[in-house]
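Down below is the structure, laid out as structure tokens.
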Amino acid sequence: MILTPRNVLTSTPMEPFATKVAILAQKLAEILAEKLGHKSSFFQESCLPSTCYLRLNRYPPCPIPSDIYGLMPHTDSDFLTILHQDQVGGLQLVKDGQWIGVKPNPEALVINIGDLFQAWSNDCYKSVKHCAVTHPTKERFSAAYFLCPSYETVIESCSMPSVYRKFSFREYRQKVQEDVQLYGYKVGLS
Ligand code: OGA
Ligand code: NI
């Protein structure tokens, strides 16, 4: 069989996964907004299939015995992320100032709040710093779905007084890129 990009994508479980998590991401955003007293169509209007994306992560084994990052510590630059990790493990997050491992659970997805939800919720929800460490002998895979708005979308906090000034997603992405070039890491919300 000749593998073209089209049949590679449709012959993997990616399409049903993307469709299902897209619906889940919208529902979660709605519930989280409702909890803050905001019944709004904002997420449905600004986060479209064409603005959200799915990333497949592959972490080759790394036999060097100290902690080697597969993915550097970061927060996600979206509203929220839905992550499916395999059974190898390696996802870590900061809780109460300490790095803790997120034990793989084949029955569960990991949901991360991203920077945009933190700004929109006026700090009620916090984007979680996380990273992925490599395994000494096993290859690891994960799939992450990012609920992102269009670049034109302006993120303004849902309550006053607001902690952050309003900004467009384009501005935020540009700032992240500039910070990475300048400092070698993402500074995040400020
Ligand atoms: C990401 C991410 C973690 C993982 O893709 O942003 O944090 O476990 N992935 O692969
Ligand atoms: Ni991430």
Across the range 53-75, what is the number of residues that are out of contact with any strand residue (DSSP E or B) (no Cβ under 6 Å at 6 or more places or on another chain), away from ligand 2 (no atom under 11 Å from the Cβ) and hydroxyl-bearing (Ser, Thr, Tyr)?
1
Within the range 120-147, how many residues are within 12 Å of ligand 1 (Cβ to nearest atom) and part of a loop (DSSP other than H, G, I, E, B)?
5
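Please enumerate the residues belonging to the range 157-189 that are among the small types (Gly, Ala, Ser) and in contact with a helix residue (DSSP H, G or I) (Cβ under 9 Å, 6 or more places away or on another chain). So that I can check it myself, show each step before the final result.
Looking only at the range 157-189, we keep the residues that are among the small types (Gly, Ala, Ser), and these are 157, 159, 162, 168, 184, 188.
Scanning the range 157-189 gives Ser157, Ser162, Gly188.
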Enumerate the pairs (first residue in the range 80-100 and over 30 Å from Leu48 (Cα atoms) and open to solvent by less than 40 Å² (accessible area, probe 1.4 Å); second residue anywhere and within 9 Å of ligand 1 (Cβ to nearest atom) and not in a strand (DSSP E or B)) with beta-carbon separation below 8 Å, excluding pairs fewer than 6 apart on the same chain, so at least 6 apart or on different chains.
Gly89/Val102
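For the range 81-109, name all the residues that are within 12 Å of ligand 2 (Cβ to nearest atom) and either more than 24 Å from Leu32 (Cα to Cα) or touching a Phe, Trp or Tyr at 6+ places or on another chain (Cβ under 6 Å) (or both).
Quick first cut of the range 81-109, residues within 12 Å of ligand 2 (Cβ to nearest atom) only: 81-83, 85, 91-93, 102.
The answer is Thr81, Ile82, Gln92.
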Condition first: open to solvent by 60 Å² or more (accessible area, probe 1.4 Å), under 29 Å from Val154 (Cβ atoms) and either free of Cβ contacts under 8 Å to residues at least 60 places away in the same chain or polar (S, T, N, Q) (or both). Now tell me which residues in the range 101-131 satisfy that.
Lys126, Lys129
Tyr125 meets each of (1) away from ligand 2 (no atom under 16 Å from the Cβ); (2) touching a Leu at 6+ places or on another chain (Cβ under 8 Å) with one exception, condition (1)
Where residues in the range 46-70 are within 11 Å of ligand 1 (Cβ to nearest atom) and open to solvent by 50 Å² or more (accessible area, probe 1.4 Å), which of them is nearest to Pro149 (Cα to Cα)?
Tyr53
For residues that are within 28 Å of Gln44 (Cβ to Cβ) and of a type in the set (Asp, Glu), tally how many sit in the range 71-98.
2
Residue satisfying all of: in the range 147-175; surrounded by 16 or more Cβ atoms within 10 Å (Cβ to Cβ) and among the hydrophobic types (A, V, I, L, M, F, W, C); nearest to Thr81 (Cα to Cα) among these:
Leu147
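The values are calculated or read from the model by the stated rules, or taken from the named source; none is laboratory data. Since we're looking at a predicted model, the values are computed, not measured. Don't worry about glycine lacking a Cβ; one is built from the backbone with ideal geometry, like all the others, and counts go over all protein chains shown. Quick note on the areas: whole protein, heavy atoms, side chains included, nothing else; ligands and nucleic acids left out. Shrake-Rupley method; radii C 1.70, N 1.55, O 1.52, S 1.80 Å.
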